[in-house]
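The values are calculated or read from the model by the stated rules, or taken from the named source; none is laboratory data. Only a predicted model underlies this, so the values are computations on that prediction, with no experimental measurement involved. Positions of Cβ are backbone-derived with ideal geometry, glycine not excepted, and every protein chain shown enters the neighbour counts.
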């Protein structure tokens, strides 16, 4: 478990740096003479046709609906492993991160609703500031080296996993369109097939993935967001094989996918979704309701939500502080929880895909400004409060 934790930390920290590079590159490209090529690339139509089944989308949506399903598949694998044998299997260790994650989702959403209560279209983005980007947050922690206690890293990691679970539920419940019961029936048959394979201890990964592709296409056509198919598929990948204690299809698949997602899919997603045209934009846009609600929700909402609910949970003796971690370190992590980025951008794309281009740009500006402010302040605070030498 220790080696797995270290490998996860290393991959996530490196991925966070690469995400930042991809975001900067997208901003530079969109605001340069190359912007027409950038827009043309993302708008390139890509079509797959098998008989009467046609899936035709621009390249941007293949990234957001297709490749991000692989990202959610990896999240599902991590969630299943953590629930069955990791930190989420121990109620005493998961209590504080779970309460903190709840506060970090609810309070930022309230910030956003406060600023956008009078606009029904803008209100669709209420969940945008309620997500934490674990890759970016761990990348900031990695800049502080060995001065950061492992218990603090583990707290942030567990909080982010619970936060991802909350984001998955939010997407499933609130960001679906008109449902196609025929497509949902096909998805249900695929789920039943996966369940039968799991109960019969099928060890080969290929049959699971083949049925998963069919389920993804059915969910895509159903009105439920297609990325949820990735999470559902992950739940049926066997963690352990009967009579073969050393083999784990889930662990192997997680190990194989993590570098591809961390160094390929997520940077590509960041590059495709952070290109904001800055021409004709002034500082006043930061004070518009949508970007202001997102930025303050990320920066202040997470500080208040994570710290406030954590303090309340400890005072009521529902949880306790991690070993070697004080309230000063907890406050620094609460700032880092305001780094939304990947999941915030994804939820924003769902919330405002029919809300007009202005909301799409406004939300990205709010996400980028709130995440950047949280990262800088969180780093400076922890750099000040952590001991100058490793414990």
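Brief remarks follow.
- Unmet requirement for residue 234, which otherwise passes all of (1) closer than 27 Å to residue 162 by Cα; (2) at pLDDT below 90: (2)
- Considering (1) at pLDDT 85 or above; (2) within 29 Å of residue 18 (Cα to Cα), the lone condition that residue 143 does not fulfil carries the number (1).
- Cβ-Cβ distances below 7 Å connect the following pairs, each with a first residue in the stretch 110-124 that is without any contact (Cβ under 8 Å) to a residue 40 or more places away in the chain, a second residue that is buried (at least 16 other Cβ atoms within 10 Å of the Cβ), and a separation of six or more residues or different chains: 123/116.
- Each residue in the stretch 37-76 was checked for being surrounded by 13 or more Cβ atoms within 10 Å (Cβ to Cβ), without any contact (Cβ under 8 Å) to a residue 40 or more places away in the chain and not in a helix (DSSP H, G or I), and 3 pass.
- Here residue 353 clears all of (1) surrounded by fewer than 16 Cβ atoms within 10 Å (Cβ to Cβ); (2) over 23 Å from residue 152 (Cβ atoms); (3) touching a residue at least 24 places away in the same chain (Cβ under 8 Å) except the condition numbered (3).
- Residues located in the stretch 307-343, provided they are on the phi > 0 side of the Ramachandran plot and in contact with a helix residue (DSSP H, G or I) (Cβ under 9 Å, 6 or more places away or on another chain): 324, 341
- Count of residues meeting criterion [assigned to a helix (DSSP H, G or I) and under 17 Å from residue 279 (Cα atoms)] in the stretch 16-36: 9
- Considering only residues in the stretch 21-36 that are touching a helix residue (DSSP H, G or I) at 6+ places or on another chain (Cβ under 7 Å) and crowded, with 17+ Cβ neighbours inside 10 Å, the one that is modelled with the highest pLDDT turns out to be 29.
- Checked against the criterion of being under 30 Å from residue 330 (Cβ atoms) and in a helix (DSSP H, G or I), the stretch 176-193 has no qualifying residue.
- Residue pairs whose Cβ atoms lie under 6 Å apart, separated by 6 or more positions or on different chains, with the first residue in the stretch 171-195 and within 26 Å of residue 126 (Cβ to Cβ) and the second at pLDDT 90 or above and part of a helix (DSSP H, G or I), do not occur.
- Which numbered condition residue 153 fails, given (1) in a helix (DSSP H, G or I); (2) modelled with pLDDT under 85; (3) closer than 25 Å to residue 294 by Cα; (4) touching a helix residue (DSSP H, G or I) at 6+ places or on another chain (Cβ under 7 Å): (3)
This table checks each residue for (1) surrounded by fewer than 23 Cβ atoms within 10 Å (Cβ to Cβ); (2) touching a residue at least 24 places away in the same chain (Cβ under 8 Å).
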{"residue": "289", "(1), (2)": "yes, yes"}
{"residue": "299", "(1), (2)": "no, yes"}
{"residue": "302", "(1), (2)": "no, yes"}
{"residue": "316", "(1), (2)": "yes, no"}
{"residue": "334", "(1), (2)": "no, yes"}
{"residue": "337", "(1), (2)": "no, yes"}
{"residue": "375", "(1), (2)": "no, yes"}
